[in-house]
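The values are calculated or read from the model by the stated rules, or taken from the named source; none is laboratory data. Because the structure is predicted, anything quoted here is derived from the model rather than measured. Backbone-built Cβ (ideal geometry, glycine too); neighbour counts: all protein chains shown. Keep in mind that these areas ignore ligands, DNA and RNA; they rest on the heavy atoms of the full protein, side chains included. Shrake-Rupley method; radii C 1.70, N 1.55, O 1.52, S 1.80 Å.
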Amino acid sequence: MNAAPVLSVRDLKVGVRSARGEVDAVRGLDLDVARGETLALVGESGCGKSLTALALAGLLPDGARIRSGRIVLGGVSIEGLPERRLRRLRGQRVGMVFQDPMAALNPVLTIGEQIVEAIRAHRSVSRAQARSEAESLLARVRLREGAQLLQAFPHQLSGGMRQRILIAIAIANRPDVLIADEPTTALDATVQAEILALLDELRRDSGMALVLITHDLGLDGGVECRGWFVGD
Ligand SMILES: Nc1ncnc2c1ncn2[C@@H]1O[C@H](COP(=O)(O)OP(=O)(O)O)[C@@H](O)[C@H]1O
Ligand SMILES: [Mg+2]
């Protein structure tokens, strides 16, 4: 791979609060991922995979923080950037898909409202324009009858459909990197394969890099990737 990496991480340490004070849950992670490449982050439960993903997406919860490390996104080092610029850069360049789509979606907003919100959070397009983009996004994640789906609430959809919606939201602003944190753990086996195939297809078509987090090496079958192991 000779292309410049779209995401480059050096010596990332994420500290979390514990009874013993702050401890490093991620202890010096390095990674590089290039355009169109899939990188698998593999490791046992509790080894810091989700915190790594959240740190890269700028979504760390209270009690967790980046202690040190260098993160370069699309050639831009995010060190020292003002908070607003940082949030915008990450929102534009990094998309994130979570393990539990029901928890990641807002139960009281329609699918359409959530996709439109995601689009308008990062680009100044009209509501009508965002709505029409939302419909094409649903087609891109292979959901039919998009116009009707936009009116639906998350609880009215199956787990697989909800994960497709989350993927649509994650790619809404054409990120350079899509981070999928155990995206199929909450799904039935047949649906798991479909979601992985969809992620792979989107990566191929758009050229974005895919960082696929899993605790199960068997699961990435069919997705060509480089492996990376987190933890001790
Ligand atoms: N918000 C938090 N506050 C304190 N500790 C946390 C928090 N989130 C995760 N941890 C701890 O950090 C470690 C890594 O967690 P996590 O990144 O979720 O692991 P993985 O995704 O690999 O299963 C675990 O020991 C977990 O208990
Ligand atoms: Mg996790």
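Against the definition (farther than 26 Å from residue 185 by Cβ, aliphatic (A, V, I, L, M) and either open to solvent by 70 Å² or more (accessible area, probe 1.4 Å) or within 13 Å of ligand 1 (Cβ to nearest atom) (or both)), how does residue 19 come out, yes or no? Here the answer is yes, as residue 19 does meet what is asked. Where strands (runs of 3 or more DSSP E) fall wholly inside the range 176-232, the ranges with 1 or more residues that are at pLDDT 90 or above and within 16 Å of ligand 1 (Cβ to nearest atom) are 177-181, 209-214. Cβ-Cβ distances below 8 Å connect the following pairs, each with a first residue in the range 52-75 that is modelled with pLDDT of 90 or more, a second residue that is of a type in the set (D, E, K, R) and within 8 Å of ligand 1 (Cβ to nearest atom), and a separation of six or more residues or different chains: 53/181; 63/17; 64/17. Residue 103 fulfils the conditions (1) assigned to a helix (DSSP H, G or I); (2) at positive phi except for a single criterion, (2).
If a residue must be of a type in the set (D, E, K, R) and open to solvent by less than 60 Å² (accessible area, probe 1.4 Å), how many such residues does the range 50-104 contain? Walk me through how you get there before you give the answer.
Residues of the range 50-104 of a type in the set (D, E, K, R): 62, 65, 67, 70, 79, 83-85, 87-88, 90, 93, 100.
Now restrict to residues that are open to solvent by less than 60 Å² (accessible area, probe 1.4 Å): 90.
Residues that pass the stated criteria total 1.
One residue is enough: does the range 93-100 have a residue meeting the conditions in a helix (DSSP H, G or I) and among the β-branched types (Val, Ile, Thr)? No - not one qualifying residue is present in the range 93-100.
How many of the residues in the range 67-76 are hydrophobic (A, V, I, L, M, F, W, C) and farther than 22 Å from residue 212 by Cβ?
Of the residues in the range 67-76, the ones hydrophobic (A, V, I, L, M, F, W, C) are 71-73, 76.
Narrowing further to those that are farther than 22 Å from residue 212 by Cβ: 76.
Looking only at that region, the number is 1.
Return yes or no: is residue 26 among the aliphatic types (A, V, I, L, M), crowded, with 19+ Cβ neighbours inside 10 Å and either within 16 Å of ligand 1 (Cβ to nearest atom) or at pLDDT below 90 (or both)? Criteria met by residue 26.
Hey, among the residues in the range 1-16 that are within 16 Å of ligand 1 (Cβ to nearest atom) and under 17 Å from residue 71 (Cα atoms), which one's nearest to the chain's Cα centre (by Cα)?
Narrowing the range 1-16 to residues within 16 Å of ligand 1 (Cβ to nearest atom): 9, 12-16.
Narrowing the set further to residues that are under 17 Å from residue 71 (Cα atoms) leaves 9, 12-15.
Numbers: 9: 16, 12: 18, 13: 19, 14: 18, 15: 21 Å.
The extreme case among them is 9.
Listed conditions (1) over 30 Å from residue 215 (Cβ atoms); (2) touching a residue at least 60 places away in the same chain (Cβ under 8 Å) are all met by residue 167, apart from (1).
Condition test on residue 206, is it of a type in the set (Ser, Thr, Tyr) and over 26 Å from residue 36 (Cα atoms)? So residue 206 fails the test.
Contact map, the range 133-157: residues that are farther than 18 Å from residue 104 by Cα and open to solvent by 30 Å² or more (accessible area, probe 1.4 Å) paired with residues that are in a helix (DSSP H, G or I) and of a type in the set (D, E, K, R), Cβ distance under 8 Å, separation 6+ or inter-chain. Pairs shown: 142/164; 147/135.
Condition check ((1) touching a residue at least 24 places away in the same chain (Cβ under 8 Å); (2) within 16 Å of ligand 2 (Cβ to nearest atom)) across all residues:
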{"site": "11", "(1), (2)": "yes, no"}
{"site": "18", "(1), (2)": "no, no"}
{"site": "37", "(1), (2)": "yes, no"}
{"site": "45", "(1), (2)": "yes, yes"}
{"site": "96", "(1), (2)": "yes, yes"}
{"site": "100", "(1), (2)": "yes, yes"}
